[in-house]
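Here is the structure we will look at, set down as structure tokens.
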Amino acid sequence: MSFTRREFIKTSTTLLAAVKLVTPLSVIAAVAEKSKKTGASKAKIRYLKSTCAHCVNFCGINVQMENDVIRAIYPDPERAPYYNVGICPKGVSGVFNTYNPYRIKKPLKRTNPKKGLDQDPKWIEISWDEAFKTISDKLKKIRADDPRKLIWQHGHGKYLIGDKFPKAFAKAFGTPNLVHRTTTCEAARHVADELTWGYHGFLPDVDNCNLLLNFGGNYFEAEQFARWLDHATTDAKERGMKIVVIEPRLSSTASKADEWIPIRPARDVILILGLAKLLIEQNTIDEEFLTSTTNATALVGADEFVLKDAKGELLVWDEKSKSAKPFTEGVTPALKGSYTVNGKAYKTSFQVFKDSLKDLTPAYVSETTGVPEKKILWLAAEITKHAKIGATVIVDGHKLRYRPVAIHTFRGLSAKEFGVQNWRAGLILQMLIGSIDAVGGINLHSVYKKPQYFEPSKAEYPPQRVDLQESVFFPHATHNVAQQVAQTVMNPKKYGLEYTPEMQIFYATNRPFSTSDAVKQFESLEKTYNVVIELVMTETAQMADIVLPDLSYLESWHLSPTRYTPHSKHTAIRQPVTNAYQIPHDAYSILWELAKRVGILDDYVKGINKNWGLKKYPLKTGQDYSAEQAVSHIWQEKTKGKSFSVAKAKAFVGKHLETKKVYLSGVEAKFKGAGKPKMNFYVEQLVHTLENVKQQKEKYHLRDINMGQYKLALSPLPKKEHGFPVPHRVALKHPFYLITYKRMFRNQSGNTALNPILNALGADVQENYVLINSQSAKKLGIDNSSEVIVETRVGKLKGKAKVIEGIRPDTIAISYHYGQQSLDFPEYAKKGMWVNSILENHSDVVSGMESFNDSKCKLYKA
Ligand code: SF4
């Protein structure tokens, strides 16, 4: 006798209840025993390939099915040569998200008009038809009035059906307000990349790297590319690659490194600039790379502008003719020095940078970063030794630059008030040693794909978008400004918005919960009519007027995003393996139905074709397409006509990249040599942007724009001042630095907070702690039994102390993903601290990035 789906659901519900009371392993054993007794082993077992979307790694999975019930999730071994070797505990536990009894199963309508985290919405179930009618009537009214009053927000939803569908819907509807979450991830890193080399995204070439400097990228736990980087760096380490992790807390990744350097929070930029100074002084830099490929030779005036000719070509100092010329054939640009052109003084941008480093002596760097002087000198020596300046290597017949030193980071360098400048410093250090796109260095993704990133921002005013993207407030925020929406909704006039937002649709995002100063974020939801498409009743869903259930990633179709590596890439799909609660819609079909009822379906379809680039296999107007049909069209387009049966059988196709593509199609092809644009060692466009901001401020009398703050943020080169964010400068009565981090088991709390298995892995996983160094704990009389208060200028939290050695004595660390507030969540999901509720928010002016790691706090016994 086999397990039916209903029996399985009943069992998993029992399991959930039992998990709260007893040890999980005994419960799991009981389930296995029951399955044996019921003859499950005789049931029909089959496997279905798909792609995990439990987090942003999109690992290949092989789902074991017993009849129509998911029994287990394994890694797909065929995906290993292209991306993931294994899967993580979250991926394994995904089955319990799908069979989660706390899932929303029917559309719900609020009957309590009062909204708040403490308010019971008094839901009533409604039919899908009533839900669609109510929402589409509201949408039609808004569209007729001013479509900009609709805001669409997604987070993980972007990866469930892909942002190209919501983007097409928003365009067809007429609203510019589609907002993703990148400013709560690593937007500053992306923007620094864009300003420097015209697109974003890079990976360390770990297969060939010999020294990996990792600034707080925790890829043994929770991070993009983690399921490739964990295995790839382990293999590289066995081969002899040295790993140095630089971060205030000893993360899982740091624990596997050769060296952990516990730096003071926010001071990374100072350490990197200090290293740059040492390398320049020792003359262990790649002058050839800087001269041929970057604008380090551009002549810069005292006003910070680059000298250009009448055609707008930047000028260099030609050592042959002793004159200023564009870098064309026959010109030998000077890298260093000061020159006079038409009676005015200029320096090369390299010289400007070099001169700006004069205060960054090892003693100063040590004093500000807390890293011993000896360690700084050692690090500079290691970089010099491993960078092998001038070396080449022959690979597949190509003579390539060999610089096996790479810097890696995600939020470590970017989740800061000066996030762009932090990663700019990292890029400059790698330009100095010439390791960009070299064998063993960092490998850039789609170099110079968007030359417009080299243009200054218009710094528009009044802003078009509710998140103020690319406006005078966040001039280069090309990745939306997630946390700003709530503030603008609360007070649109303050920001010059010409309309008042009326309705928000949230798709698989708990945005207000996961930003800084989070309690205030929820207030904005009282101002708008809210529709939430979700799996479970999150805090954002609790503030909704209508909630629509969604299908889980194991129940729905999608042309999945994938993670490439420097040497491979693949195209993948996600396919449904079950439908646990027979829910008839997911976000794809919800959008389709709404587009139809609002009367924008044809435009929506045209938008889908445009956004997905469907030329040979377009969707036609005038007919309906299921999610499966749409995915089949996209698959065929992306794989140049490969049969959809391949997708259903294997879920992916992959390829390994040719050496030429990996190392010679990026900076070598786009920037190297005379007559080509140059990679921005010096980001002059920020100087122009500052001018534009100044003009807007004067024209519109914008009193809230602080030009001193803008001048510092929009600097063409990183400087030591970028190591001192606001709380560090002014919260002087708060002695500790407060940093945040992600944990493997609870990363993406929307997918993990309610997962009974992930919550049953032991006391350490069930809640988060206030991590404090043993020396500081002793001084404060704190031990592992202490309840403590963490107090910032925003608020206070009570939590349990955990005394450890692996953190700086001046730093406190608390992980995200805990302390859920939703009234509908079980008690186990509410354990721990909601650290976001006490973080200060000082978004990076350049990129809009959230400053998650800059707060300061007091700590005392409760
Ligand atoms: S790393 Fe993410 S995508 Fe991969 S198995 Fe784990 S949860 Fe799934």
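Tabulated results
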read-out	value
Inter-residue pairs, beta-carbon under 6 Å, first touching a residue at least 12 places away in the same chain (Cβ under 8 Å) and under 19 Å from Gln748 (Cα atoms) and in the stretch 212-237, second open to solvent by 10 Å² or more (accessible area, probe 1.4 Å) and part of a helix (DSSP H, G or I), 6+ apart	Gly216/Gly412; Gly217/Gly412; Tyr219/Asp230; Phe220/Asp230; Phe220/Ser252; Glu221/Ser252
Check on Glu223, of a type outside the set (A, V, I, L, M) and away from the ligand (no atom under 16 Å from the Cβ)	no
Top-ranked residue in the stretch 700-711 [being in contact (Cβ under 8 Å) with a residue 12 or more places away in the chain and surrounded by fewer than 19 Cβ atoms within 10 Å (Cβ to Cβ); ranked as nearest to Arg249 (Cα to Cα)]	Gln709
Any pair with Cβ under 8 angstrom, 6 or more apart, that starts in the stretch 84-112 at a residue that is farther than 12 Å from Leu554 by Cα and open to solvent by 30 Å² or more (accessible area, probe 1.4 Å) and ends at one that is charged (D, E, K, R) and within 16 Å of the ligand (Cβ to nearest atom)	Val85/Arg227; Ile87/Arg227
Out of Leu150, Leu178, Leu117, Leu139, sole residue that is away from the ligand (no atom under 16 Å from the Cβ), modelled with pLDDT under 95, closer than 19 Å to Leu525 by Cβ and within 33 Å of the chain's Cα centre (by Cα)	Leu117
Options Val371, Val352, Val393, Val405: the member that is more than 23 Å from Leu717 (Cβ to Cβ) and in contact with a strand residue (DSSP E or B) (Cβ under 7 Å, 6 or more places away or on another chain)	Val393
Every pair of residues 6+ apart whose Cβ atoms lie under 9 Å, when the first sits in the stretch 376-403 and is under 20 Å from Lys672 (Cα atoms) while the second is open to solvent by less than 50 Å² (accessible area, probe 1.4 Å) and of a type in the set (Asp, Glu)	Ala387/Asp286; Ile389/Asp286; Gly390/Asp286; Leu400/Glu668; Arg401/Asp286; Arg401/Asp437; Arg401/Glu668; Arg403/Asp286
Test: residue in the stretch 197-209 that is of a type in the set (S, T, N, Q), more than 16 Å from the ligand (Cβ to nearest atom), open to solvent by 10 Å² or more (accessible area, probe 1.4 Å) and in a helix (DSSP H, G or I)	no
Selection status of Ala131, farther than 23 Å from Gln820 by Cα, among the small types (Gly, Ala, Ser) and in a helix (DSSP H, G or I)	yes
Qualifying residue in the stretch 94-107 (condition: charged (D, E, K, R) and within 16 Å of the ligand (Cβ to nearest atom))	no
Residue among Ala192, Ala144 that is small (Gly, Ala, Ser), assigned to a helix (DSSP H, G or I) and surrounded by 21 or more Cβ atoms within 10 Å (Cβ to Cβ)	Ala192
Selection count where residues are under 30 Å from the mean Cα position of the chain (by Cα) and closer than 27 Å to Ile61 by Cα, scope the stretch 580-610	6
Qualifying residue in the stretch 674-686 (condition: open to solvent by 40 Å² or more (accessible area, probe 1.4 Å) and over 30 Å from Glu287 (Cβ atoms))	no
Enumerated helices (runs of 4 or more DSSP H) restricted to the stretch 221-337, each holding at least 3 residues that are out of contact with any helix residue (DSSP H, G or I) (no Cβ under 7 Å at 6 or more places or on another chain) and either hydrophobic (A, V, I, L, M, F, W, C) or crowded, with 20+ Cβ neighbours inside 10 Å (or both)	226-239
Residue match in the stretch 48-62 (condition: surrounded by fewer than 16 Cβ atoms within 10 Å (Cβ to Cβ) and either within 16 Å of the ligand (Cβ to nearest atom) or under 27 Å from Pro584 (Cα atoms) (or both))	no
Which listed residue, of Leu432, Leu444, is under 20 Å from the mean Cα position of the chain (by Cα) and buried (at least 24 other Cβ atoms within 10 Å of the Cβ)	Leu444
Scan of the stretch 753-770 for residues that are surrounded by 20 or more Cβ atoms within 10 Å (Cβ to Cβ) and either in a loop (DSSP other than H, G, I, E, B) or touching a Cys at 6+ places or on another chain (Cβ under 8 Å) (or both), ordered by number	Ala753, Leu754, Asn755, Pro756, Ile757, Asn768, Tyr769
Looking only at the stretch 712-755, and only at residues there that are within 16 Å of the ligand (Cβ to nearest atom) and not polar (S, T, N, Q), the one that is nearest to Asp193 (Cα to Cα)	Lys742
Residues of the stretch 721-739 satisfying the condition of being open to solvent by less than 50 Å² (accessible area, probe 1.4 Å) and part of a helix (DSSP H, G or I)	His722, Gly723, Val726, Pro727, His728
Any hit, the stretch 451-458, residues being without any contact (Cβ under 8 Å) to a residue 60 or more places away in the chain, open to solvent by 10 Å² or more (accessible area, probe 1.4 Å) and in a loop (DSSP other than H, G, I, E, B)	no
Of the criteria (1) small (Gly, Ala, Ser); (2) in a loop (DSSP other than H, G, I, E, B); (3) more than 19 Å from the chain's Cα centre (by Cα), which one Ala486 fails	(2)
Filtered residues of the stretch 573-587 (kept if touching a helix residue (DSSP H, G or I) at 6+ places or on another chain (Cβ under 8 Å) and surrounded by 24 or more Cβ atoms within 10 Å (Cβ to Cβ))	Ile573, Ala580, Asp586, Ala587
Qualifying position, being over 28 Å from Ile376 (Cβ atoms) and aliphatic (A, V, I, L, M), among Ala276, Ala296, Ala310	Ala310
Criterion violated by Tyr448 - all others in (1) aromatic (Phe, Trp, Tyr); (2) over 22 Å from Leu400 (Cβ atoms); (3) assigned to a loop (DSSP other than H, G, I, E, B) satisfied	(2)
Where Pro512 falls short, out of the listed (1) open to solvent by 10 Å² or more (accessible area, probe 1.4 Å); (2) assigned to a helix (DSSP H, G or I)	(1)
Test: residue in the stretch 819-831 that is free of Cβ contacts under 8 Å to residues at least 12 places away in the same chain and surrounded by fewer than 18 Cβ atoms within 10 Å (Cβ to Cβ)	yes
Among (1) open to solvent by less than 10 Å² (accessible area, probe 1.4 Å); (2) under 21 Å from His817 (Cβ atoms); (3) within 24 Å of the chain's Cα centre (by Cα) - the single one Met543 does not satisfy	(3)
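The values are calculated or read from the model by the stated rules, or taken from the named source; none is laboratory data. The model shown is predicted, which means the values in this text are computed figures rather than measured ones. Glycine also receives a Cβ, built like all others from the backbone with ideal geometry; neighbour counts cover every protein chain displayed. Areas reflect the complete protein model, heavy atoms only, side chains present, ligands, DNA and RNA absent. Shrake-Rupley method; radii C 1.70, N 1.55, O 1.52, S 1.80 Å.
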